[in-house]
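Below: one structure, written as structure tokens.
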Amino acid sequence: MDGPQASESCSQFWSTAELVAMSFEVLDKCSLAKCARVNKFLSEHALDAIYRYNPDFLSVLELLSPTSLKDNELMFNEVMNPSGWDRFRHYSSRIRAIDVKRFPNPLSQESMVDLITTVPGGTPLFPLMTDLRWRTINESTSPLVLFLLHDKLKNVIFSVTVDDLHHGILLGNLARRAPNLESLHFWVLSEDSEHADAAEGIIDAVEFLTSLRSLDVFTGMVTPRLLQALSSHNHLQRFWASLYGPQELSVDNRVIESDAVAHHEFPCLSEVAICSSLFMAMSSKTLFDAPSLVSLHIDVDLEAHISSFLPHVSSTCTRLRHLSLRIDEDEETEITLTMEMLQPALKLKLIETFVVECTSPPLLDDHDISDFATAFPRLRHFELCPRAEGAPLAKSPTLAALIPFAVNCPELISIGIYMDASVPPPPLQLDDVRFSSHFEVMHVLCCRITDHRLVVNFLMSILPDHANLRLSRCSRPLRFVTGDNMEDFHPAPTSDEGLLPESIQYRKQWEAAIGLLDSLEWPRVALSKQRAEICRLTAQLNSIGA
């Protein structure tokens, strides 16, 4: 399109607020800064895009006044006046979220006083901010953090150091200054488990935060009194006391079916992540009685805990869609999973995601694995120690363990199983069993494999043409407590870091298998079409016979 018509369309585009806003979402800050100087209309949209989500906190403060360092403290260099605040409001009123990863130099006491006493009408520094995230809060930064709080805040993520900071006071002020919080994450960065003031402070905060829907706290803060305080929160849907937990389920699975009047304790709680030692403390078992619980993650501290909590979970949490166990091991303890340990989970017929993370190979065979495939017909994601290291035990799954899942789990999307892939799989005919078109990926890392070509031959016969192998150092159905990308906390899939020498060799074999399978894209598509034609002809012949 040329000439006047093209010019008119271009003009209409740049004068349509929605289109401009969408375009600016994909621009970098340098480009946005240039757009802000074109005209007033574009400037407003560019400034919104720059400042709306997570602008650099110090740069925003310096819109009030330049700063300098004195005795390792930040000081404002200029006197704050009404005109400076007016200029600041032009930018600060756009901010919806702040994320402070590092703030090594706190504001001096004098500058903090200037900030508090000169802010117009006592209004919040960022009046429309709904999300605040601040890592490593300490005694020197806590006054500034508290000053940012106001009643429009909905989501707060705080990570707190343990120097001389009084956690209880911080939590008490937090609840009173931001009473409408819907999500609170409060984590103490310490190996020390004695934090009585934090444990008391969170109880006080919970009583004020009546709109709370999500609470994440470190294990040392969980007490019977906290659980009692939370149990009456009609809106609470998520409780975590663990570094890892389940991915959020889709809306369809989060429909609250319980009657809050009939169930007085945790009526809407649908997602829980805790460690097994908390379960062993009897007070936490009320969490498992929540009538709406659909997602449960447990960090296993001791092998003996599994035989205690899993039978209780299977008989109580009958609506579970997600169940994941992450087993912590150190150099002195090695946990060997057996079918006897996991058998109770087979009663959970609604399971869609089942994950067991353990660094040691399981003592299970193909028959044991097939029990999961037949017990969980709704299964979408299945992982059983896919990142375990070491030689297979006396009983070990093989490639044949995949067949029951292809037969019984039509909704399966991903699978990962520790297996001995050196054992030749059974031959499959062209029209034999195959995973459904929903299937996308098989997760592997370093389980035993000796001939990648043999493995690929078998996978070509059982996988749909679009499915692939993927090296994985972490479980995709799980997420980190702060919402950060799980991959950020693990080595790259192709890294040798943390792997045994033998595991590195196996991983390289799996890399070769991935490369070979990817190179066979066109033959796989042709094979898929041939299968479809066989099915069509078979159906046609059967109809003639009928």
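The values are calculated or read from the model by the stated rules, or taken from the named source; none is laboratory data. Note that the structure is predicted; figures quoted are calculated from it, not measured. Cβ: placed from backbone, ideal geometry, glycine included. Neighbour counts: every protein chain shown.
For the reader, a short list of remarks on this structure follows.
- Scanning the range 356-376 for residues that are surrounded by fewer than 18 Cβ atoms within 10 Å (Cβ to Cβ) and either at pLDDT below 95 or on the phi > 0 side of the Ramachandran plot (or both) yields a single hit, 359.
- The one condition in (1) closer than 27 Å to residue 529 by Cα; (2) surrounded by fewer than 18 Cβ atoms within 10 Å (Cβ to Cβ) that residue 504 fails to fulfil: (1)
- Residues of the range 60-80 include at least one that is at pLDDT 90 or above and either in contact with a Cys (Cβ under 9 Å, 6 or more places away or on another chain) or among the small types (Gly, Ala, Ser) (or both).
- Residues that are part of a loop (DSSP other than H, G, I, E, B) and more than 30 Å from the chain's Cα centre (by Cα), drawn from the range 432-463: 432, 433, 434, 449, 450, 451
- Flag if residue 479 is part of a strand (DSSP E or B) and not small (Gly, Ala, Ser): yes
- The listed residues are 249, 227, and the only one of them that is at pLDDT 90 or above and either of a type in the set (A, V, I, L, M, F, W, C) or within 22 Å of the chain's Cα centre (by Cα) (or both) turns out to be 227.
- Spans of helices (runs of 4 or more DSSP H) in the range 111-219 with at least 1 residues in contact with a Phe, Trp or Tyr (Cβ under 8 Å, 6 or more places away or on another chain) and in contact (Cβ under 8 Å) with a residue 40 or more places away in the chain: 142-148
- Comparison of 325, 379 shows that the only residue that is in a loop (DSSP other than H, G, I, E, B), closer than 22 Å to residue 476 by Cα, modelled with pLDDT of 95 or more and within 24 Å of the chain's Cα centre (by Cα) is 379.
- Selection within the range 328-355 - in a strand (DSSP E or B) and either at pLDDT 90 or above or among the hydroxyl-bearing types (Ser, Thr, Tyr) (or both): 333, 338, 353, 354, 355
- Condition check for residue 103: crowded, with 18+ Cβ neighbours inside 10 Å, in contact (Cβ under 8 Å) with a residue 12 or more places away in the chain and under 23 Å from residue 84 (Cα atoms): no
- Residue match in the range 158-176 (condition: of a type in the set (Asp, Glu) and at pLDDT 90 or above): no
- From the list 132, 128, 146, the lone residue that is closer than 29 Å to residue 213 by Cα, out of contact with any helix residue (DSSP H, G or I) (no Cβ under 8 Å at 6 or more places or on another chain) and either modelled with pLDDT of 90 or more or buried (at least 20 other Cβ atoms within 10 Å of the Cβ) (or both) is 128.
- If you go through the range 290-323 and pick out every residue that is more than 26 Å from residue 234 (Cβ to Cβ) and in contact with an Asp or Glu (Cβ under 7 Å, 6 or more places away or on another chain), you end up with 3.
- Annotation for the range 16-24: at least one member residue is surrounded by fewer than 11 Cβ atoms within 10 Å (Cβ to Cβ) and modelled with pLDDT under 70.
- On inspection, residue 465 qualifies as in contact with a helix residue (DSSP H, G or I) (Cβ under 7 Å, 6 or more places away or on another chain) and more than 20 Å from residue 386 (Cβ to Cβ).
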